[in-house]
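Since the structure comes first, as structure tokens, the remarks are kept for the end.
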Amino acid sequence: MSESRNAILGKLRAGRDAHPLTPPESDFAVLRNKRWDGAERLERIKRMMEAVHTEFLETTEADWPADVQAFLKAQGTRNLLFGPATEAGARLSTEWAASGMAGGPELIPYADRVETFKERLFDGIDAGITTTLGAIADTGSLIVWPTPEEPRLMSLVPHMHLALLRADALYDTFWQAMTENRWADGMPTNALLISGPSKTADIEQTLAYGVHGPKRLVVVIVR
């Protein structure tokens, strides 16, 4: 038995030495190797998100407040919730009032505690607008980073969520977004990855939108 055992082990060792195994890449290495060029990255994000009913409004740095206002007026939106303490919110407030667009939606600042604002938030707000940290090409997802100035409720409660996406803030993978923004150094209570409007399905697989959040997600691409 000992001679047979040694013979078998010898053959196994010889085969191992003749054909050494290459260690497999880690899951992280696979993520790091996913890459798309700039134009393809944005088109991939749009294609994947449109497949789950996300809408897009393309604009420029100079025109996005006016374009958002015109879009909402055309949709018959009564009002828009925004964070006045953010840079985007301050600009929106200034240019909204100066546009002179008659009959446009009312701009409502999120400035009160939720306990005092809850009734209007849940029953009287048509749309909310927030900034984003960017979007991920691998999964077709927005990165929404709630802050005290733009709390999570702004993107979850109104029937329509408008999300500002800078066209130069696009990432290939979730790994890249986490590492380049140093998420390990600190995160909010929750970060949101959003690919489309809220939806759910019953046992017959009939989709319903807006049950657990916004019925519409409109990504405002700012070039």
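Close contacts from the stretch 198-223, counting a first residue that is at positive phi and a second that is open to solvent by 100 Å² or more (accessible area, probe 1.4 Å) and modelled with pLDDT of 85 or more, with Cβ to Cβ under 9 Å and a gap of 6+ residues or different chains, come to GLY210/HIS159. Take the stretch 52-94 and flag every residue that is farther than 21 Å from LYS215 by Cβ, open to solvent by 70 Å² or more (accessible area, probe 1.4 Å) and in a helix (DSSP H, G or I). Scanning the stretch 52-94 gives GLU87, THR94.
How many residues, within the stretch 85-109, are without any contact (Cβ under 8 Å) to a residue 40 or more places away in the chain, closer than 21 Å to ARG120 by Cβ and touching a Pro at 6+ places or on another chain (Cβ under 8 Å)? Of the residues in the stretch 85-109, 4 are without any contact (Cβ under 8 Å) to a residue 40 or more places away in the chain, closer than 21 Å to ARG120 by Cβ and touching a Pro at 6+ places or on another chain (Cβ under 8 Å). Are any residues in the stretch 196-223 under 16 Å from VAL157 (Cα atoms), in a loop (DSSP other than H, G, I, E, B), of a type outside the set (A, V, I, L, M) and open to solvent by 80 Å² or more (accessible area, probe 1.4 Å), and if so, which ones? Answer for the stretch 196-223, where residues must be under 16 Å from VAL157 (Cα atoms), in a loop (DSSP other than H, G, I, E, B), of a type outside the set (A, V, I, L, M) and open to solvent by 80 Å² or more (accessible area, probe 1.4 Å): HIS212, LYS215. If you check LEU193, LEU164 for being open to solvent by 20 Å² or more (accessible area, probe 1.4 Å), in contact (Cβ under 8 Å) with a residue 40 or more places away in the chain, under 22 Å from GLY89 (Cα atoms) and in a strand (DSSP E or B), only one passes: LEU193. The set of residues from the stretch 182-196 being farther than 19 Å from LEU42 by Cα and not charged (D, E, K, R) comprises TRP183, ALA184, GLY186, MET187, PRO188, THR189, ASN190, ALA191, LEU192. When residues in the stretch 125-144 are screened for being open to solvent by 10 Å² or more (accessible area, probe 1.4 Å), part of a loop (DSSP other than H, G, I, E, B) and over 19 Å from SER198 (Cβ atoms), 2 of them pass.
The values are calculated or read from the model by the stated rules, or taken from the named source; none is laboratory data. Please read these numbers as outputs of a predicted model, since none were measured by experiment. In this analysis, Cβ positions are derived from the backbone assuming ideal geometry, glycine residues included, and neighbour counts consider all displayed protein chains. Ligands, DNA and RNA are stripped out before the accessible areas are found, and what is left, the full protein with its side chains, is counted by its heavy atoms. Shrake-Rupley method; radii C 1.70, N 1.55, O 1.52, S 1.80 Å.
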